[in-house]
Amino acid sequence: MCLLPNHQKATIRVHVHPNGRVQVDAPQSARLPEVKAAVQRRARWVLKHLDDIEERNRHVRPCQWVSGESMRYLGRRYVLKVIEDPEQRKTTCKLTRGQLRVQGQNLTPERTQKAVGQWYRERALDIFQRRLERMVDTLPWAENVPAWRILEMKTQWGSCSPDGSLLLNPHLIKAPTRAIDYVLLHELCHLVEHNHSPKFYGLLDRFLPEWRSVKEKLDGESELLLTR
């Protein structure tokens, strides 16, 4: 449960994360019976979302890292092409002609996965930086791009530490740019509102009015994007 400061007048909120984790946000003044009652009122809604998550995950097939599989990048699908080249000692990965091509020698699924993962990280470092620079220019409280780094996370797209530095999941590079912008804005809003209070959601509404639909779509694809 995430407790909000006393001066924040906020209702008790219940969230179901894409991985099935249930989170309750409540004002610090809320008593435990009030929190329990709020959760019980939302119990049917929570169970429905958990059932939906289980149904989606049932159809997610683990990636085998062989030619013909579908790779995501910036919201689009590309075909993975694994090219065995005995004369090429260094494994390369590049996007060309609608294919994500991995080329090199002795390309086991593990080596292919490593090459694709490195390519995703390189693209994430470049694109996240450019999107952050563009977004910071529109936010009155942000003078410069805060310190940030990428870190693979199983259940989160990003986080903002108490010192104002950001962690961003490189798997986010597979999502459309609008979804990337939503996650970046979400974390940048935490620089001034370190919780999920009405003021925090007000900032999201102001700078990305359609954030709810963007978040819903991202949540619906999170299991696929995080596991392939």
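The values are calculated or read from the model by the stated rules, or taken from the named source; none is laboratory data. Keep in mind that what you see is a predicted model, and the values were worked out from it rather than measured. Cβ: placed from backbone, ideal geometry, glycine included. Neighbour counts: every protein chain shown.
Going by what's in this entry, would residue 207 be described as touching a Cys at 6+ places or on another chain (Cβ under 6 Å) and of a type outside the set (Gly, Ala, Ser)? So residue 207 does not fit the description; no.
Summed over the range 67-91, the residues that are under 15 Å from residue 120 (Cα atoms), surrounded by 14 or more Cβ atoms within 10 Å (Cβ to Cβ) and of a type outside the set (Gly, Ala, Ser) give a count of 8. Residues that are more than 19 Å from residue 179 (Cβ to Cβ) and at pLDDT 90 or above number at least 3 in the following strands (runs of 3 or more DSSP E) confined to the range 46-153: 76-84, 92-96, 99-104.
Among the residues of the range 184-195, are any within 10 Å of the chain's Cα centre (by Cα), at pLDDT 95 or above and within 27 Å of residue 77 (Cα to Cα)? Yes, the range 184-195 contains a residue that is within 10 Å of the chain's Cα centre (by Cα), at pLDDT 95 or above and within 27 Å of residue 77 (Cα to Cα).
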